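Quick notes on the structure that follows.
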Amino acid sequence: LRSWLFWGLGIAFFFDVIAINGTLTHIVALLTDRGIGREDAVTALSGTGIALFCGRVLSGWFLDRFWGPYVAIGFFVAPMIGLALLMSHAAGAAPFLGAICLGLGIGAEIDLMAFFASRYFGLKNYAKIYGTMFGIFGFGVGLGPALSGASFDRFHSYVPVFGLYEVMLFITCV
């Protein structure tokens, strides 16, 4: 736990979950505020569930075949693309594709965290290390939606916090 690698991974997954969960929790409100019908907004949220499943399966498949950090970057860039699509206010399929990109990222994050904890720290103290990292992650699960809500309450827009989320995801990739 005194390792810079542990804290680097902990911060990366903390930032990742804040950005993704903070966005997905508000996705229906964001889309309905833009004039998209409630059914279509809920369909976009449902699509993130399917993308989550795909992200979980694909991340495992890629981790079996490619170097883990490259796989992680790919699954952290996907939510960056999703956020950019949502910030663009583009119409048509863009908001739905943005939600799908976020779903891919949220599907991969826990698998990536478990993978890195086992590969970089071994199995001797795996439960303690993964559990601590997951606790940090869990704190981010609650913080992201609160930040998004605060942004909307203060600025009447999600764009300011989405810009912050883009920076957080970039730091996660680094």
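Return yes when residue 107 is over 20 Å from residue 167 (Cβ atoms), surrounded by fewer than 23 Cβ atoms within 10 Å (Cβ to Cβ), touching a residue at least 12 places away in the same chain (Cβ under 8 Å) and among the small types (Gly, Ala, Ser) and no when it is not. No, not satisfied. Residue 151 falls short on exactly one of the conditions (1) more than 22 Å from residue 60 (Cβ to Cβ); (2) open to solvent by less than 50 Å² (accessible area, probe 1.4 Å); (3) under 16 Å from the mean Cα position of the chain (by Cα), and that condition is (3). Give 113, 133 a once-over and let me know the one that is farther than 25 Å from residue 47 by Cα and buried (at least 17 other Cβ atoms within 10 Å of the Cβ). Going through 113, 133 in turn, the sole match is 133. When 65, 56 are checked against the criterion of being open to solvent by 50 Å² or more (accessible area, probe 1.4 Å) and touching a residue at least 24 places away in the same chain (Cβ under 8 Å), 56 stands alone in meeting it. Residues in segment 55-95 that are under 19 Å from residue 19 (Cβ atoms) and either among the aromatic types (Phe, Trp, Tyr) or in a helix (DSSP H, G or I) (or both): 23 in all.
From the list 126, 120, which residue is modelled with pLDDT under 95, open to solvent by 50 Å² or more (accessible area, probe 1.4 Å) and either on the phi > 0 side of the Ramachandran plot or touching a Leu at 6+ places or on another chain (Cβ under 7 Å) (or both)? None of the other options fit; the residue is 120. Within segment 1-23, the only residue that satisfies the criterion of being part of a helix (DSSP H, G or I), farther than 19 Å from residue 111 by Cα and open to solvent by 10 Å² or more (accessible area, probe 1.4 Å) is 4.
The values are calculated or read from the model by the stated rules, or taken from the named source; none is laboratory data. Computed from a predicted model, the values in this text were never measured in an experiment. Glycine also receives a Cβ, built like all others from the backbone with ideal geometry; neighbour counts cover every protein chain displayed. With ligands, DNA and RNA removed, areas are computed over all heavy atoms of the protein, side chains included. Shrake-Rupley method; radii C 1.70, N 1.55, O 1.52, S 1.80 Å.
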